[in-house]
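Student: Below: one structure in structure tokens.
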Amino acid sequence: MNPLRTLSLWILLAVWLSGTPGAALEIELPVGARLTAERNSTLDSFSAPVGVFDGDTVPSVVIEGGIERRAWRITAPGLTPLQVILPLRTQLESQGYDLAFECAARACGGFDFRFDIEVLPGPNMYVNIAEYRYLTALRGARGAPDSAVGVLVSVTRGAAYVQVISALSTGASEVAMPALEAPPKTDTGVSQTVTGRAMGDRLLSAGHAALAELAFATGTTQLGEGPFASLAELAEFMQQNPDYQIALVGHTDAVGGLSGNIRLSRERAQSVLDRLVGEYGVSPDRLSAEGMGYLAPVASNLTEEGRELNRRVEAVLLPAQ
């Protein structure tokens with residue numbers, strides 16, 4: 001039975017934003033949806049995406065005012081992002097919101113979109129890069145809406161994750177995105193390489209970190225002898241945090257075809273997994289190895305320096321299954 005067709009409960013996303021009655025947003029979720037995170041601000045800003053990642057950033061409308069941020073986990077196997085987000089979209093439209101933007105996974109920009117938008121930290125909110133959808137709904141003028149809602153849905157084999165950010169605006173305007181003034185992509189923190197005690201902090205705050213000193217030459221899959229400080233820190237973090245799992249995600253440069261690079265990146269991630277298990281004693285049940293090939297670059301593949309940055313393995317923090 002589709003869990004989205006079972007008896008539902010009303011979850012009230014309500015703070016009297018800016019002291020204005022009627023600002024509450026009502027979203028109906030399935031029975032069993034568990035609130036995992038909540039962060040509300042009486043005066044803050046929210047960048048509501050209105051377009052896909054354009055190579056530099058995600059075009060957005062900035063909403064200033066009262067902001068509510070919440071995330072839920074729905075324990076149910078076999079759901080798709082569209083199954084989860086479709087009823088939420090319908091509810092928003094019935095409450096007078098206009099759908100301003102919607103995209104799915106790779107069409108959004110994959111890793112780049114996900115890491116350029118606001119996401120509550122893991123493990124409370126988890127984003128499966130291959131299986132997520134995002135929508136922005138606005139009420140009022142598109143350039144200066146009265147209120148905005150951003151909905152992010154992602155699924156794993158056994159659960160779905162839902163994040164809703166709602167904002168009541170005291171004035172909003174389109175964000176200027178001049179390409180020449182945008183910061184370099186390597187400065188965005190999307191794949192910031194981390195070692196030392198900062199590893200745990202980075203994983204808990206951003207949900208992912210690129211592992212230092214694990215650069216692979218083109219076409220190779222095996223790690224050198226090491227030792228690698230980033231692996232020792234990751235193993236220590238996992239020992240101290242037994243409720244977390246880690247997905248090791250390999251990435252390549254753009255030399256060669258896509259299918260071959262996906263296989264190569266997965267084998268690199270598996271090589272890191274084997275080292276964590278064999279040398280540091282991490283349980284293989286808490287690790288998985290995936291490969292993205294060249295689909296999520298952090299630098300230009302037109303230079304050797306950029307290609308070297310793109311050859312990497314990232315640790316992605318996951319909740320216990």
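Student: Within the stretch 131-149, track down each residue that is modelled with pLDDT under 90 and either acidic (Asp, Glu) or assigned to a loop (DSSP other than H, G, I, E, B) (or both).
Tutor: Correct list: ALA141, ARG142, GLY143, ALA144, ASP146.
Student: Further question: Do the conditions hold for GLU225, that is, is it open to solvent by 60 Å² or more (accessible area, probe 1.4 Å) and at negative phi?
Tutor: yes
Student: Is at least one residue of the stretch 99-108 touching a Leu at 6+ places or on another chain (Cβ under 8 Å) and assigned to a helix (DSSP H, G or I)?
Tutor: yes
Student: When the residues of the stretch 235-263 are narrowed to those that are hydroxyl-bearing (Ser, Thr, Tyr) and within 23 Å of the chain's Cα centre (by Cα), which ends up least open to solvent (accessible area, probe 1.4 Å)?
Tutor: In this case the residue turns out to be THR252.
The values are calculated or read from the model by the stated rules, or taken from the named source; none is laboratory data. As the structure is a prediction and not an experimental result, all values here were calculated from the model. Quick reminder, even Gly has a Cβ in these numbers, built from the backbone with ideal geometry, and neighbours come from all protein chains shown. What goes into the accessible areas is simple: the full protein's heavy atoms, side chains included, and nothing from ligands, DNA or RNA. Shrake-Rupley method; radii C 1.70, N 1.55, O 1.52, S 1.80 Å.
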